[in-house]
Each structure stands twice: as C-alpha cells, then as structure tokens.
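Mind looking over this structure? Questions follow.
The values are calculated or read from the model by the stated rules, or taken from the named source; none is laboratory data. Computed from a predicted model, the values in this text were never measured in an experiment. FYI the Cβ positions are ideal-geometry reconstructions off the backbone, even for glycines, and counts take in every protein chain you see.
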Amino acid sequence: MPRIAYVNGRYLPHRDAAVHVEDRGYQFADGVYEVIFVVDGRLVDAPAHLARLHRSCASLRIAMPTSDRALEAIVASVIARNRIGRGIVYIQITRGVARRDHAFPRIASRPALVVTARTHPAPDETAVRSGVAVVTVADQRWRRPDIKSISLLPNVLAKEAAREAGAHEAWLVDDAGVVTEGSSTNAWIVDRDGRVVTHPADTAILDGIVRRTLFRLANEASIVVIERPFRLAEAMGATEAFLTSSTSFVVPVVAIDGSAIGTGRAGPVTLRLRDAYLAHLGRAAAAR
Ligand SMILES: Cc1ncc(COP(=O)(O)O)c(C=O)c1O
C-alpha cells in the first residue's frame, strides 16, 4: 500500500508529495511543526499538541491554515489512508510561498500545510530499560527554542555529534553550564532524595508534551518534580537521569560523556515513570 501525504489540500502518494521551491519553509525555515504519537489509530494528547501548534504559529505570526476541526479531519484521514495503528503523525505549517525576501510578504501568503504519518513499531522494552548514553554539546540554538520551529540546524548537528560518538542523544549545555534539554528530547535528573528535576519551561527549552504529562503522572505516583535549571556537574553526580519525548516516551540515561550516572543502570524512579507513561499511552488508546 503506497504511503499518502497531505500537501496543501491534496492527498498525494508520498513519493510525489512536494512543496514549491519558494515555500518560505524551504528557503528560510519559516515554519513550525508538531510530532504526535498514535496508538491504535488515536492521537496521544492531541489537545496539548494542538495548543502548542497554535502557540508556535502565533509567536511567528503565521495564521493557522485551517480550522482545528478541519485539521483534525485531515490528520484522521492521513492516519486512515496510511493504516497507522501505532505510529507518528507529522504536521508542518509554513508561512507559504512568496517571492524570496526575508521580511514577511507584503500581501500575506497562504500558509502551507503538510501532514504525513508513518508506523512506529513498539520498541524492545528490555533494550530500552537498559538505558542509553548521551553526550553533551554546546547549546548553539537561538534564544526562542520554546517555539517549535522547523529551524533545527543546531539540533541536527547535535544529534549527528551524538551518533558519531555512539550515543543516543546529545544534551545541550548553555554558557553557564546548565543542561537545557536534548536535541529532540527534554532532559531530567533525579536527586538523592528521589526528587525529579527538569529545566523550567521558559524560553530556553521546548515545553514537551510528555514533560507536561509526566508532571501529572509523577504527582499521582507521589514523586516530587522540581522545575529548576541544573548544571552538567550536578547531572554527572545525579542518582538517575532520563529523557522524554513523544516518540521515545521516558528513556533512562545511564551515561553522560562516557561517565556512568548513578549505578550505571536505569534507576527505579525512571522506570516507575516509564511504566506510568506506558499506562498513559494505554489509556489514550482506549479513549473514545
Ligand atoms: C528540542 C526538543 N525538546 C523536547 C522535545 C520533546 O517534546 P515532546 O514531549 O512534545 O515530544 C522535542 C520533541 O521533538 C524537541 O524537539
């Protein structure tokens, strides 16, 4: 069955799906995106993703290309046409096509909308639970990574640095030595008292949807979460560390820059939170 992508009002075979060469997303990375996990054909935490998409567009003064209802219908159609049970939906909105000029087009361009989906098989739970290694790189991003912009070059370079180092992810460290987040994940540590620490959702990080969900799940499990910046030195001495994202959920981090974290194995707080998140996914699948 051929993959189908939605591009500006049309459902096209994936291999033929294309945007214009003067789309401002292509030329200036002038756009935003969302990645939403799908379980049993249903979106996980769709309202939160939609709200963030609205925030990202508003921050860049890009109009939403459709109503929310129409967007939901397009996303549902892409899921159905690609027969996605468990997978990922990608939504991208750019300022649209206009003659090349850095400033916004004088006559507003029509925002461009692309929606794609692909299956994402369940990971090997035993392998995930053995944890991953991260390396650190300088956080070279602009000062608004809270906007989920498609301008991801520093993130691309960071992830490539991780891959070349044989690590799973790169944690970004700012000039003050603070770990802001990962290249495509939020970063967390656990202190000696079993409290979970993560960077506050200011303009220095993307406020992850899993991050938000985990606050609630941790609270339900009587695990204390503290939002405060933490430095790399503190992370190196943490009892546990982990990362979160919509596609990887909650993943133990067992080494940073080649040094073991805690016991060098996934810790109990992390694994409890992963289990709580997997249960959350199960509920999302069951929801009508
Ligand atoms: C830079 C960055 N931080 C954090 C996240 C995690 O966000 P979410 O939990 O919404 O997937 C992502 C996800 O793509 C990201 O790109």
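Can you name the number of the only condition in (1) within 14 Å of the ligand (Cβ to nearest atom); (2) without any contact (Cβ under 8 Å) to a residue 60 or more places away in the chain that Leu214 fails?
Leu214 satisfies every listed condition except (2).
I've got another one for you. Residues of region 168-181 being within 15 Å of Asp202 (Cα to Cα) and away from the ligand (no atom under 11 Å from the Cβ), which ones?
Scanning region 168-181 gives Asp174, Val178, Val179.
Separate question: Listed residues Arg106, Arg83, Arg129, Arg143; which is modelled with pLDDT of 95 or more and assigned by TED's automatic domain parsing to the domain that holds Phe37?
The conditions single out Arg83.
Identify the single condition in (1) buried (at least 17 other Cβ atoms within 10 Å of the Cβ); (2) among the hydroxyl-bearing types (Ser, Thr, Tyr); (3) under 20 Å from Ala285 (Cα atoms) that Tyr26 does not satisfy, given that it satisfies every other one.
Failed condition: (3).
Consider region 187-211. How many of its residues are in contact with a Pro (Cβ under 8 Å, 6 or more places away or on another chain) and away from the ligand (no atom under 11 Å from the Cβ)?
2
Among the listed residues Ser149, Ser184, which satisfies the condition of being in contact with a Ser or Thr (Cβ under 8 Å, 6 or more places away or on another chain), within 12 Å of the ligand (Cβ to nearest atom) and farther than 18 Å from Thr244 by Cβ?
The conditions single out Ser149.
Among Gly264, Gly237, Gly258, which is the only one that is more than 30 Å from Ile91 (Cα to Cα), more than 13 Å from the ligand (Cβ to nearest atom) and touching a residue at least 24 places away in the same chain (Cβ under 8 Å)?
Gly258 is the lone residue from the list that is more than 30 Å from Ile91 (Cα to Cα), more than 13 Å from the ligand (Cβ to nearest atom) and touching a residue at least 24 places away in the same chain (Cβ under 8 Å).
What about Arg195, is it over 26 Å from Val44 (Cα atoms), touching a His at 6+ places or on another chain (Cβ under 9 Å), modelled with pLDDT of 95 or more and among the charged types (D, E, K, R)?
So Arg195 does not fit the description; no.
Among the residues of region 170-182, what is the count of those that are crowded, with 24+ Cβ neighbours inside 10 Å and either in contact (Cβ under 8 Å) with a residue 40 or more places away in the chain or over 12 Å from Arg141 (Cα atoms) (or both)?
Counting residues in region 170-182 that are crowded, with 24+ Cβ neighbours inside 10 Å and either in contact (Cβ under 8 Å) with a residue 40 or more places away in the chain or over 12 Å from Arg141 (Cα atoms) (or both) gives 4.
Test each condition in (1) within 16 Å of the ligand (Cβ to nearest atom); (2) at pLDDT 95 or above for Ala284 and report the one that comes out false.
Only one criterion is unmet by Ala284, namely (2).
Okay, next question. Kindly check whether there is at least one residue in region 254-266 that is buried (at least 19 other Cβ atoms within 10 Å of the Cβ), modelled with pLDDT of 95 or more and under 25 Å from Phe37 (Cβ atoms).
Scanning region 254-266 turns up at least one residue that is buried (at least 19 other Cβ atoms within 10 Å of the Cβ), modelled with pLDDT of 95 or more and under 25 Å from Phe37 (Cβ atoms).
Quick one: Ala58 ticks every box in (1) of a type in the set (A, V, I, L, M); (2) more than 16 Å from the ligand (Cβ to nearest atom); (3) under 30 Å from Val250 (Cβ atoms); (4) touching a residue at least 40 places away in the same chain (Cβ under 8 Å) bar one, so which box is it?
Every condition holds for Ala58 apart from (4).
Filter region 126-137 down to residues that are in contact with a helix residue (DSSP H, G or I) (Cβ under 9 Å, 6 or more places away or on another chain) and of a type in the set (A, V, I, L, M) and give me whichever is farthest from Gly166 (Cα to Cα).
Val128
Condition test on Asp45, is it within 14 Å of the ligand (Cβ to nearest atom), acidic (Asp, Glu) and in the same structural domain as Asn82 (by TED's automatic domain parsing)?
Judged against the criteria, Asp45 is a match.
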